[in-house]
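Notes follow the structure.
Computed from the coordinates by the stated procedures, all read-outs in this text should not be read as laboratory data. The shown structure was predicted, so the numbers you read here are calculated from the model rather than taken from an experiment. Cβ coordinates were reconstructed from backbone atoms using ideal geometry, including for glycine residues, and neighbour counts include every protein chain displayed.
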Amino acid sequence: MQFSFEFMIATLPALIKASGVTIRVALITIVLSLSVGTLLTIIRAFKIAIINNAIGLYISFIRGTPLMVQIFLAFYALPSLGIRLGPMTAGVLAITANNAAFMTEIFRGALTSIPAGQIEAAASLGLKSRAIWLRVILPQLYLRSLPAIVSECTIVVKGTALLAVITVVEVFRTAQQIGSSSFRPFETFAAAGLVFLGLSLVISQFGLWLERRFALRRGA
């Protein structure tokens, strides 16, 4: 059976429609993982040994196990503890837990690059801890982490394809359904790859635009 570009193009509308689910899951996950990553970074800055050890254990587990395993744990293992989640909710939970761990490590590295003198100067002006974090630390933290954050966002988008294993009907699951019914999986998955590539390029270009915008603001 020869590769059919016509069939590949014909599958794109259905896959683009399904990308709405992919985008929704990715956006929710990115917002949550940024929030959790920020919170864990602030908590770690207080240097409470037992809490930092617990956070370190969580990060080690996430970094040492595949995302697929984490998705299965959220969807299949949590019900044994009395926590029943729908496929979408379980998927968002698993990818958020995964991405938040990496965001926390990114922020930890960026935090060490902020001059301590700035924080000391803010404290000497009478700013409280909350104001120092909101006005001095976090803006620089996000700016210094921006390239890595953009990279993690593209990883999140691609990671949503794994949710097909728990029946979330996103781009990859839709490609599976079309490929199995048409007996043309090659063309269908090639089209799915184009959709994921397009989403990743949009995120990358948006990240570059943000970097240029902040660079111009600093220059001004």
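Among the lysines, select those whose C-alpha is under 20 Å from the C-alpha of Lys17, and discard any that sit fewer than 8 residues away in the same chain.
Candidates past the 8-residue exclusion: Lys158.
Helix check for the chain. Which DSSP H runs span at least 18 Å along their own axis by Cα, with a mean Kyte-Doolittle hydropathy no less than 1.6?
TM-like helix candidates: 5-45.
Counting only Cα atoms, I'd like the Rg/Rh figure for the chain, Kirkwood definition for Rh.
Dividing the radius of gyration by the Kirkwood radius yields 1.06.
Connecting C-alpha atoms closer than 10 Å in a GNM of the chain, tell me which of Ala18, Ala90, Ala121 has the biggest fluctuation.
Judging by the Gaussian network model, the answer is Ala121.
Could you name the aspartates and glutamates whose alpha carbon sits less than 17 Å from that of Lys47, not counting residues in the same chain fewer than 8 places away?
Cross-link targets: Glu105.
What is the sum of charges, Lys and Arg at +1 and Asp and Glu at -1, for the other residues whose Cβ falls under 14 Å from the Cβ of Ser181?
My count for the surroundings of Ser181 gives +1.
Test of understanding: given the chain, find the longest segment containing no chymotrypsin sites (Phe, Trp or Tyr not before Pro) that are in a DSSP loop and have at most 12 other Cβ atoms within 10 Å.
47-182
Restricting things to alpha carbons, tell me how big region 89-220 is in terms of Rg and Dmax, in Å.
According to the Cα coordinates of region 89-220, Rg and Dmax are 20.3, 69 Å.
Per the Kirkwood definition applied to all pairs of different Cα atoms, how many angstroms is the hydrodynamic radius of region 42-146?
15.9 Å
Only Cα pairs within less than 10 Å get springs; with that Gaussian network setup on the chain, which residue of Ala45, Ala161, Ala94 has the largest fluctuation?
Result for the chain, Cα springs under 10 Å: Ala45 fluctuates most.
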